[in-house]
1. 7 Å from Cα along Cα→Cβ at both residue 79 and residue 118: what's the point-to-point distance in nm?
2. Report the calculated FRET efficiency for residue 106 and residue 130 (r = Cβ-Cβ distance, R0 = 25 Å), to the nearest 0.05.
3. Can you give me the Kirkwood hydrodynamic radius for segment 102-269, using every pair of distinct Cα atoms, in Å to one decimal?
4. Sorting 191, 248, 241 on the 10 Å Cβ count, fewest up front, what's the list?
5. Efficiency by 1/(1 + (r/R0)^6): what FRET value for residue 231 and residue 38, r their Cβ-Cβ distance, R0 = 30 Å, to the nearest 0.05?
6. For 61, 124, which order do you get if you count the other beta carbons within 10 Å of each Cβ and list the fewest first?
7. Using Cα-Cα distances under 8 Å and only pairs 6 or more residues apart, what relative contact order does segment 102-269 have, in percent?
8. Can you put 36, 201, 87 in order, fewest other beta carbons within 10 Å first?
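No lab work stands behind these numbers, since they all come straight from the coordinates. Treat the numbers as computed from the prediction; the structure is a model and nothing was measured. Heads up, the Cβs are rebuilt from the backbone with ideal geometry, glycines too, and the neighbour counts pull from every protein chain shown.
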């Protein structure tokens, strides 16, 4: 149980971190467009050209050209009044096709609904994306206070319940990738020590579920368990999320078996026969 106590030219010697990470053979303009989309995907509010250029370490003119192309194709949208940008609906169309074909999303939906009804809290499903958990589905519970686990939100692996649940079952190479990013502090409860995180991940594997009590967003707590596919690989994680003031040790004891059993049931539906409910 938790203890409560303006862009340089291509030939310039100066490169942004994104350029340094680019693999040989990648096209710089394509990489710039991808970096731009990723940036917009992690920004909660619309963002202007100058700020985008600053964050990417690029010339405003180059960013403007990339945005114009993405806007023309529907991948970004511009607010007519402010001139700021957000992700466009064309991405929704592409993602919808992907999610519709993703078995775990289809299989998990009724379990999310049942869990939301029984706990009266928000339930969510997250998939793994290299070093983060990404929300792909959520169901609001009937309780009076609702937390929106918005699809598309990136959950850092070291300080969110779904992130830790999946990371605890990942190979050492994945953990090294996460650690290489640095354990960013989001709140005063965020784990930033490598040894502490490794110890917690070991504990998660043993107890079967992960906790987040104000570690990423101060007001939010969550309980999550990992979902496996038929080969035993990490497929997703399911979570119950609630306001942190709702969360107590008693609530943890009540929610943990419900979340573990839901994850086991989904895993079994996906063909993972080692999933054992408790």
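1. The modelled label-to-label distance comes out at 4.2 nm.
2. E(calc), rounded to 0.05, equals 0.60.
3. 15.5 Å
4. So the ranking, lowest neighbour count to highest, is 248, 191, 241.
5. Working from the Cβ atoms, E equals 0.55.
6. Neighbour counts put them in this order, fewest first: 61, 124.
7. Reported as a whole number, the value is 23 percent.
8. Sorted ascending by nearby Cβ count, the order is 87, 201, 36.
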